[in-house]
Amino acid sequence: MAGNWKMNKTSEEARSFLGDFKLFVKDARDCDIVICAPFTLLPLLKKELENTNIKVGAQNIFYEDSGAYTGEVSALMVKEFCSYVIIGHSERRKYFNETNEIVNKKVKKALERGLKVIFCLGETLEEREKGITKQIVETQLREGLSKTTIENIVIAYEPVWAIGTGKTATPAQAEEVHIFLRELLRQLYNQEIADSTRIIYGGSVNQENASAILNMPNIDGCLPGGASLEASSFSNIIKS
Ligand code: PGA
């Protein structure tokens, strides 16, 4: 259960969230909980969440360790503060022109530096309407994970048309793609990896729709954005 805060929260806002959230989820021992925060908040989250059941994640990294890359942050740097990183989010693909090739370089670097990767993929509305959803996610998975290991990767299916729109995929629509991705993992790796790899769903998940989505056999968790910004709604999603 990973919350994607995107470009939200000052330190003061994060502190106030965590005060409540830590209490709300302290007994949730049967799932992994991650908060993926902006870089500026990672030291604070590391400190506040030490010895809790909540892990810390970043939302991006650059694919080099150091050097003349003004404004970028490396896997080596975020590793000091967190254990997860989101890579390939559709907002990065759309606003920052991240191609499957760039995403692949970032995944490789993150794994090399010991981070767990939440690898995002998903089709646009236009692609869904053209009936090419499966081709699109297959290409994103094949190219994004080309020549990587799979053990420390969580796959997040996030249809672009469902992100931040309030229009969530129906549980059946999401499940159909999750089944497809699991079968693809079986073909690319093996049955054991297909069974054990977590495939989570993101796109307008909230406390009302989470349990129906999470009830689907191939949906192993979720990645809420907007609904992870409030301690009560994110913890209710986790409880469901
Ligand atoms: P949303 O975002 O829950 O606000 O739709 C999900 C995401 O982009 O990860």
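Brief remarks follow.
- With all protein chains in place and ligands, DNA and RNA left out, the 1.4 Å accessible area ranks Cys31, Cys36 as Cys31, Cys36, largest first.
- For region 25-103, accessible area per residue (1.4 Å probe, heavy atoms of protein chains only), Å²: 52 Å²
- Cα-Cα over 24 Å, subset of Lys47/Lys167; Lys167/Lys239; Lys6/Lys46; Lys6/Lys167: Lys47/Lys167
- Portion, in percent, of the accessible area of region 30-165 that falls on carbon or sulfur, probe 1.4 Å: 49 percent
- Between the amide H of Ile33 and those of Lys55, distances stay under 5 Å, these residues lying 5 or more places away or on another chain, with hydrogens modeled in the peptide plane.
- Sites matching chymotrypsin sites (Phe, Trp or Tyr not before Pro) across region 136-240 that sit in DSSP coil, with at most 16 neighbouring C-beta atoms within 10 Å: Tyr189
- Ordering 140-149, 123-132 by mean Cβ neighbour count within 10 Å, with the highest value first, yields 140-149, 123-132.
- Gaussian network model of the chain, springs between alpha carbon atoms under 10 Å - residue of Ile61, Ile136, Ile35 with greatest fluctuation: Ile136
- Nonlocal amide H pairs with Ile87, under 5 Å, H built at 1.01 Å: Ile118, Phe119, Cys120
- Phi-derived couplings, Karplus 6.51 cos²θ - 1.76 cosθ + 1.60 at θ = phi - 60°, listed residue by residue for region 75-80: 4, 4, 6, 6, 4, 5 Hz, with x used for Gly and Pro.
- Here's the picture: charge each Lys and Arg Cβ at +1 and each Asp and Glu Cβ at -1 in region 2-239, and of Ala14, Gly202, Gly71 the one pushed furthest to the positive end of that dipole is Gly71.
- Model label zone, Asn97; criterion: amide N under 19 Å from point 7 Å along Cα-to-beta-carbon; scope region 105-141: 105-106
- Of the peptides 106-119, 205-218, 70-83, the order by per-residue mean of other Cβ atoms within 10 Å, starting with the highest, comes out as 106-119, 205-218, 70-83.
The values are calculated or read from the model by the stated rules, or taken from the named source; none is laboratory data. Computed from a predicted model, the values in this text were never measured in an experiment. Positions of Cβ are generated from backbone atoms using ideal geometry, with glycine treated the same way; all protein chains shown enter the neighbour counts. Note: areas computed on protein heavy atoms with side chains; ligands, DNA, RNA excluded. Shrake-Rupley method; radii C 1.70, N 1.55, O 1.52, S 1.80 Å.
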